[in-house]
Amino acid sequence: MNLEDSNLLRVANLEVVLRRLDGDVDLLRELVALYIDDYPAQLQKLLDAVAADDMERIHRIAHKLKGTAWSFAAESAAEAARRLEETKEITDGKDAAELAQLLSHELSRLHLALEEFLIRA
């Protein structure tokens with residue numbers, strides 16, 4: 001599969017991920033499938049934490065999502081998660097909610113791109 005032909009590259013750089021995995025496409029498929037299965041629950045946890053204005057939980061979940069995004073070389077999602085993670089010091093729940101929406105959007109883009117990968121792989 002040529003990953004460069006896909007709009008996937010605008011969201012995640014799976015060529016980089018494949019190099020990290022020594023070219024093991026099967027392992028990459030497994031990691032992608034795990035993300036796709038886990039994504040809805042993680043996003044819901046984040047949205048619940050934002051609704052509860054629980055900055056500590058927001059921080060922890062954003063940190064985890066940042067690591068997940070970096071594992072797929074998804075820079076926009078990782079940056080959105082980093083920004084939300086740093087809201088730990090902000091007491092304004094409105095800021096956290098806006099950043100959570102941005103992260104939700106980026107994770108949705110990642111989710112769709114990874115689903116595309118699974119279809120094409």
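The values are calculated or read from the model by the stated rules, or taken from the named source; none is laboratory data. Keep in mind the model is a prediction, meaning the values are calculated, not measured. Positions of Cβ are generated from backbone atoms using ideal geometry, with glycine treated the same way; all protein chains shown enter the neighbour counts.
Quick look at the numbers
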| quantity | calculated |
| --- | --- |
| Lone qualifier among Glu98, Glu79 - being over 30 Å from Leu21 (Cβ atoms) and either modelled with pLDDT of 90 or more or not in a helix (DSSP H, G or I) (or both) | Glu98 |
| Within region 48-58, tally of residues that are charged (D, E, K, R) and either touching a residue at least 24 places away in the same chain (Cβ under 8 Å) or crowded, with 22+ Cβ neighbours inside 10 Å (or both) | 2 |
| Matching residues in region 59-75 - criterion: being aliphatic (A, V, I, L, M) and either out of contact with any Leu (no Cβ under 9 Å at 6 or more places or on another chain) or without any contact (Cβ under 8 Å) to a residue 60 or more places away in the chain (or both) | Ile61, Ala62, Leu65, Ala69 |
